[in-house]
Amino acid sequence: MSKKNRIRLWGIAAAAAFGLWHLLDVRAGAAESGNGWLTGWYLGLFAVVVVFLAVTGRMFWTDRTISGSSGQMSAKSLESIYLAAGTTLGILYLLVLAPLSAPDEISHYMGAYQLSSRLLGQPSNAVTGHVLIRPQDIWLEDVEDCWEYEESEDGYVQPAADTTADSGFLGETLTEKTYEVIRAQGIFGDRYPLAADNREEMKQSLILSPYPPVVTTPVAYIPQALGISLARVFHMNAIMVVYLGRLFNLLFFVGMTFLAMKRLPFGKEVLFGVALLPMTLHLSASFSYDVMILGSMFYLTAVCLDLAYEKERVQIKDVAVIGLLMAAAGPCKLIYGVLMGLCLLIPVRKFGGWKPWTAAAAAVFAAWGLSMLLINGQTIASYATETESVVPWAEEAGYSLTLLLHRPLQAVRMFYQTFLWQAEYYHMTMIGAYLGNLDTVLDVPYLVVLLFTAGLLCLAAKKPGERQRMSAGNRIWVAVLCMVCTLAAMASMLIAWTPLSSPVISGVQGRYFLPFLPVLLMAFKNDLIVLTKNGNRSILYLMCCANGYVVLRLFSVVSIRL
């Protein structure tokens with residue numbers, strides 16, 4: 001038996017063995033809750049995972065004949081394999097981690113719903129700014145049917161303020177009940193608020209959602225809004241609304257990552273590996289605007305590296321693409337504006353001289369700056385000018401920019417302590433810990449986190465005969481950009497989210513580092529660490545197997561969480 005067949009066999013066998021072990025947990029949860037269908041769902045998921053791994057294994061190693069050649073063979077490209085693997089794994093995460101369960105997903109869902117209404121030419125907001133939704137969709141935010149309803153000041157129906165604290169939205173905490181609710185609703189049934197006295201009248205009206213949308217560029221919600229709009233146009237129920245919105249966001253992410261892999265002159269396997277991380281897959285299959293950030297930054301990385309190391313001349317369309325990417329992703333999170341520095345990897349001669357280079361730089365910066373000014377201008381101004389700050393979640397005084405400028409040593413101490421105490425948390429949450437709505441139960445085991453980490457490092461390491469494309473100076477510049485981006489993320493959360501009583505910076509999560517992780521790993525390649533063999537495809541396949549195990553384990557955890 002060849003080595004590649006052994007790897008494929010061992011990968012499938014390991015995932016299947018662990019899957020059968022977790023079947024015991026699912027059966028225990030089904031027996032305790034009386035929902036025997038959980039076992040059937042799990043067995044269906046188990047079968048899909050095994051078939052996926054078998055098919056993907058063949059894609060990684062089975063050759064195909066090139067059209068027009070006689071007997072000449074070529075392996076399938078990594079981007080072609082990613083298109084299938086990324087979509088399939090994304091859908092599995094989408095199904096196992098129920099809608100609205102990702103970090104801040106309820107607010108991202110409201111932002112996408114708001115844009116959907118505008119696309120359809122329907123009322124999107126009440127005078128209070130709250131998003132208007134169909135009455136059959138409100139139960140997603142009140143799964144216990146606890147809310148009472150009243151008339152708002154502009155004639156719409158709204159939940160009574162004194163009852164909205166008595167329930168939770170779908171996926172807020174993933175339990176066996178979440179799957180039960182989704183199963184009971186199905187893809188055809190319609191459900192309306194049960195706690196209202198005027199249910200029949202409500203069916204003809206719109207309801208104000210109590211959850212606020214994220215204030216950001218509407219561009220970040222175009223894929224999700226298209227999915228929601230499709231469901232609304234065909235009068236689908238609430239379940240289809242959230243699943244189609246998530247699916248369209250996933251397809252956008254996979255498409256952007258596929259295009260980035262095609263354009264990358266090197267490092268395709270590194271981007272593939274980052275896209276296979278459980279946290280990346282979870283975010284890509286949610287309503288989160290992180291999808292727009294990740295897709296844009298991945299493609300920005302590909303364009304800059306292509307122009308720096310492969311393409312002979314920079315064209316106007318290349319500058320336009322970079323400006324468009326920064327304008328789309330910039331307003332979502334200011335900190336990723338730092339990654340415009342990747343453009344400095346491109347030699348000035350490829351622009352035709354300093355004058356065209358200056359014009360191109362000004363155009364890109366103007367596109368980013370204008371989008372930031374239009375969307376986040378007021379927020380930036382308030383952070384820059386306020387002298388006192390209050391952190392809402394802690395109801396305590398917080399840091400302000402003025403305070404930090406007057407106490408620089410305190411700021412340095414906070415950064416130092418955070419690096420010492422939070423490094424493990426950042427690592428874990430970047431790979432896959434605390435999935436769901438920062439749920440400590442829905443995590444990837446530490447051993448699996450280490451395996452994913454080792455896989456990424458091996459993918460980034462130099463292989464025998466491989467040419468070093470990035471110079472030492474360029475690698476140092478990339479490292480500096482990534483460090484500045486990290487510090488910017490910490491600084492933003494220090495001002496916006498950290499109370500004065502906290503010994504470390506609050507609110508920073510490992511997922512914030514994913515947009516620049518691929519280029520950082522590409523810069524890791526050096527002549528000091530060289531692997532003796534090129535096992536990139538084996539590593540990527542084993543990462544697919546690890547994801548198969550993760551989705552099976554996550555389903556079992558939710559099933560026994562009664």
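The values are calculated or read from the model by the stated rules, or taken from the named source; none is laboratory data. No experiment lies behind these values; they were computed from the predicted model shown. Cβ coordinates were reconstructed from backbone atoms using ideal geometry, including for glycine residues, and neighbour counts include every protein chain displayed. Note: areas computed on protein heavy atoms with side chains; ligands, DNA, RNA excluded. Shrake-Rupley method; radii C 1.70, N 1.55, O 1.52, S 1.80 Å.
Structural remarks
- The conditions of being in contact with a helix residue (DSSP H, G or I) (Cβ under 8 Å, 6 or more places away or on another chain), under 19 Å from A367 (Cβ atoms) and surrounded by fewer than 24 Cβ atoms within 10 Å (Cβ to Cβ) are met by L344.
- Selection status of M326, assigned to a helix (DSSP H, G or I) and open to solvent by 10 Å² or more (accessible area, probe 1.4 Å): no
- Tally of residues being open to solvent by 40 Å² or more (accessible area, probe 1.4 Å) and assigned to a loop (DSSP other than H, G, I, E, B) across the stretch 163-175: 2
- Any hit, the stretch 460-471, residues being part of a helix (DSSP H, G or I), aliphatic (A, V, I, L, M) and open to solvent by 30 Å² or more (accessible area, probe 1.4 Å): no
- For A112: the one exception among (1) modelled with pLDDT under 95; (2) of a type in the set (A, V, I, L, M, F, W, C); (3) within 16 Å of the chain's Cα centre (by Cα): (1)
- Check on L281, in a helix (DSSP H, G or I) and either farther than 20 Å from L435 by Cα or out of contact with any Phe, Trp or Tyr (no Cβ under 8 Å at 6 or more places or on another chain) (or both): no
- Counting only residues that are touching a Phe, Trp or Tyr at 6+ places or on another chain (Cβ under 9 Å), surrounded by fewer than 24 Cβ atoms within 10 Å (Cβ to Cβ) and closer than 19 Å to M522 by Cβ, the stretch 302-323 holds 2 of them.
- Filter result for V214 (farther than 18 Å from G121 by Cβ and modelled with pLDDT of 95 or more): no
- Across the stretch 137-162, the qualifying residues are those that are closer than 15 Å to S117 by Cβ and out of contact with any helix residue (DSSP H, G or I) (no Cβ under 6 Å at 6 or more places or on another chain), and the one among them that is surrounded by the most Cβ atoms within 10 Å (Cβ to Cβ) is I138.
- The single condition from (1) crowded, with 21+ Cβ neighbours inside 10 Å; (2) over 30 Å from L276 (Cβ atoms); (3) β-branched (V, I, T) that T178 fails is (2).
- Screening the stretch 511-537 for residues that are under 26 Å from R58 (Cβ atoms) and open to solvent by 30 Å² or more (accessible area, probe 1.4 Å) and picking the one that is modelled with the highest pLDDT gives R537.
- Filtered residues of the stretch 496-555 (kept if touching a helix residue (DSSP H, G or I) at 6+ places or on another chain (Cβ under 6 Å) and among the hydroxyl-bearing types (S, T, Y)): S506, Y512, S538, Y541, Y549
- So G473, is it at pLDDT 90 or above and closer than 20 Å to S101 by Cβ: no
- Which numbered condition A359 misses (of (1) surrounded by fewer than 22 Cβ atoms within 10 Å (Cβ to Cβ); (2) not in a helix (DSSP H, G or I)): (2)
For (1) out of contact with any Gly (no Cβ under 7 Å at 6 or more places or on another chain); (2) under 21 Å from L95 (Cα atoms); (3) small (G, A, S), each residue gets a yes or a no:
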| position | (1), (2), (3) |
| --- | --- |
| A15 | no, yes, yes |
| F18 | yes, yes, no |
| H22 | yes, yes, no |
| A31 | yes, no, yes |
| Y42 | yes, yes, no |
| A47 | yes, yes, yes |
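- Checking each residue in the stretch 256-268 for being surrounded by fewer than 24 Cβ atoms within 10 Å (Cβ to Cβ), assigned to a helix (DSSP H, G or I) and either more than 17 Å from the chain's Cα centre (by Cα) or of a type in the set (A, V, I, L, M) (or both) picks out M256, L259, K262, R263, K268.
- Considering the stretch 404-433, the residues that are in contact (Cβ under 8 Å) with a residue 12 or more places away in the chain and outside any helix (DSSP H, G or I) include one that is surrounded by the fewest Cβ atoms within 10 Å (Cβ to Cβ), namely A433.
- If the condition is being in a helix (DSSP H, G or I) and either among the aromatic types (F, W, Y) or exposed (fewer than 13 other Cβ atoms within 10 Å of the Cβ) (or both), then the stretch 434-449 contributes Y446, L447.
- Residue match in the stretch 499-507 (condition: farther than 29 Å from I81 by Cβ and in a helix (DSSP H, G or I)): no
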